[in-house]
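Structure record follows, encoded as structure tokens.
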Amino acid sequence: MKSGQILITDDDQTLCYLLKEELVNEGYAVDITFDGKYAIENLKKKTYDLLLLDLEMTDVQGEEVLKYTQEHHPNLQVIVLTAKTEIRTAIQCIKDGAYDFITKPYEFGQLVIIIERALEHKNLVIKNKILEKKIDYEKPSSIIGESIAISEVVSLTEKAAKSDSNILLEGETGTGKELFAELVHKKSNRNDKPFVAVNCASLPDSLIESELFGYEKGAFTDAKTSKQGLVEIANGGTLFLDEIGEMSLTLQPKLLRFLENGEFRRVGGVSNLSSNVRVIGATNKNLMEESDKQNFRRDLLFRLNVITLTIPPLKERGKDVLILAEYFLQKKSSVRSLKKLSQESEKLLLRYSFPGNVRELEHIIERSLVFSEEEEIHPKDLSIPTLNNNEQLIVNSENIVTLSLDELEEIHIKKILDSNDWNREITARVLGISQKTLYTKIRKYSINK
């Protein structure tokens with residue numbers, strides 16, 4: 001079943017009904033109108049993916065409808081169907097925003113192919129717009145922090161960005177590796193091209209290959225049409241592979257081949273395609289140790305780590321904790337109820353080791369805004385273990401037990417699991433890790449409900 005809402009606008013009513021019947025049989029949802037003014041009325045009431053538009057109509061001509069769509073529905077794909085054969089008319093329609101121009105009479109099979117291409121083009125346009133918004137609005141414009149540790153790595157990142165070499169970002173979960181990848185992209189000569197990110201731990205092995213390299217029609221049961229992969233979408237830009245240490249050994253050789261010569265093959269394809277992208281990998285694992293264990297190909301590691309940048313954990317960034325906390329308070333508070341941290345809360349945050357790093361701090365601040373009832377946020381609102389100056393966990397007021405970081409992490413994960421009634425999806429989001437990583441840690445520490 002094909003997906004897509006199509007509007008047909010043509011004053012030839014017989015043609016409209018016949019074309020609608022054919023397209024409905026193809027699986028599309030179709031509405032019809034017989035003049036440009038009714039097309040505009042429909043577009044004001046309902047969202048369509050594609051418009052099949054005649055140029056010559058009684059009241060409102062097709063050119064006016066085309067102009068309206070570009071002003072109000074720029075993502076709508078318009079295919080002009082007309083008896084006019086002048087090249088000048090076709091060129092003008094394309095300039096005015098039409099996806100394609102077909103002269104009557106035409107073959108229905110040819111029209112279906114063009115419709116499929118137009119809908120695929122629409123999806124790519126939307127995907128790129130989402131990626132641009134993600135970079136421009138969901139992330140701060142620069143790395144937040146003033147510590148020596150973060151300033152040094154920011155300086156190195158900006159220098160590395162000027163080259164075109166592949167980069168490996170190392171660091172604990174939640175340190176902001178994707179933010180550094182975006183910084184590389186923004187400071188590079190590829191910054192006017194797409195930045196595409198994929199989390200290698202969030203998708204099953206069977207899907208990662210088709211997401212990265214795309215697939216051909218008929219490659220598997222649900223492959224009704226061909227689909228571009230992320231390496232094609234990112235052509236000329238940057239491809240960010242987060243948690244690359246989780247990539248399966250079966251997919252690693254295909255990524256290695258792509259890194260060596262820029263060539264790849266879609267799933268189910270027989271011909272080689274090429275794409276010019278800069279690859280940035282990120283991991284919270286020691287990939288050299290993983291290669292010793294034969295979990296990660298060493299030749300792939302050497303292709304990735306031409307430049308290696310290590311992102312410091314939050315516990316090594318001193319008072320950046322308070323700078324970041326203030327940023328998250330302003331970001332997540334409403335304008336009328338901007339809250340602030342009490343001095344006791346600031347001291348507690350400075351003593352806490354943050355096993356989940358910046359991402360954990362963000363979630364702690366977000367929870368505190370929900371639970372705090374006063375203008376100031378107090379330690380009881382932060383929902384974190386209390387630590388003394390020697391990084392010891394206070395079990396109760398009488399007994400103090402010194403814990404390793406692994407033990408502290410186990411306690412913290414257990415606490416978040418319990419507070420969310422063992423909902424792993426919510427817990428992983430609060431901790432700032434993938435569900436796969438959470439499951440691995442539950443098994444590692446033998447945490448039971």
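Overview of values
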item: First in region 213-232 and touching a residue at least 12 places away in the same chain (Cβ under 8 Å), second anywhere and of a type in the set (Asp, Glu) and assigned to a loop (DSSP other than H, G, I, E, B), Cβ under 9 Å, 6 or more apart; result: Ala223/Glu216; Ser226/Glu216; Lys227/Glu216
item: When residues of region 240-276 are limited to those that are surrounded by 17 or more Cβ atoms within 10 Å (Cβ to Cβ) and among the β-branched types (Val, Ile, Thr), the one modelled with the lowest pLDDT; result: Val267
item: Count of residues meeting criterion [out of contact with any His (no Cβ under 9 Å at 6 or more places or on another chain) and either at pLDDT 90 or above or within 22 Å of Ile143 (Cα to Cα) (or both)] in region 354-377; result: 11
item: Number of positions in region 287-312 that are surrounded by fewer than 18 Cβ atoms within 10 Å (Cβ to Cβ) and either touching a residue at least 60 places away in the same chain (Cβ under 8 Å) or among the hydrophobic types (A, V, I, L, M, F, W, C) (or both); result: 5
item: Qualifying residue in region 100-111 (condition: in contact with a Leu (Cβ under 8 Å, 6 or more places away or on another chain), farther than 30 Å from Asp12 by Cβ and at pLDDT below 85); result: no
item: Among the residues listed as Val24, Val30, Val60, the single one being β-branched (Val, Ile, Thr) and out of contact with any strand residue (DSSP E or B) (no Cβ under 7 Å at 6 or more places or on another chain); result: Val60
item: Positions within region 256-286 being without any contact (Cβ under 8 Å) to a residue 12 or more places away in the chain, in contact with a strand residue (DSSP E or B) (Cβ under 6 Å, 6 or more places away or on another chain) and among the polar types (S, T, N, Q), in sequence order; result: Asn272
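Rundown of residues vs (1) assigned to a helix (DSSP H, G or I); (2) more than 29 Å from Leu438 (Cβ to Cβ); (3) among the aliphatic types (A, V, I, L, M), yes/no style:
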site: Ser163; (1), (2), (3): no, yes, no
site: Phe180; (1), (2), (3): yes, no, no
site: His185; (1), (2), (3): yes, no, no
site: Arg190; (1), (2), (3): no, yes, no
site: Leu207; (1), (2), (3): yes, no, yes
site: Glu211; (1), (2), (3): yes, no, no
site: Lys217; (1), (2), (3): no, yes, no
site: Leu241; (1), (2), (3): no, no, yes
site: Pro253; (1), (2), (3): yes, no, no
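The values are calculated or read from the model by the stated rules, or taken from the named source; none is laboratory data. Quantities reported herein were computed from a predicted structural model and do not represent experimental measurements. Please note: Cβ atoms are built from the backbone with ideal geometry, for glycine as well, and neighbour counts cover all protein chains shown.
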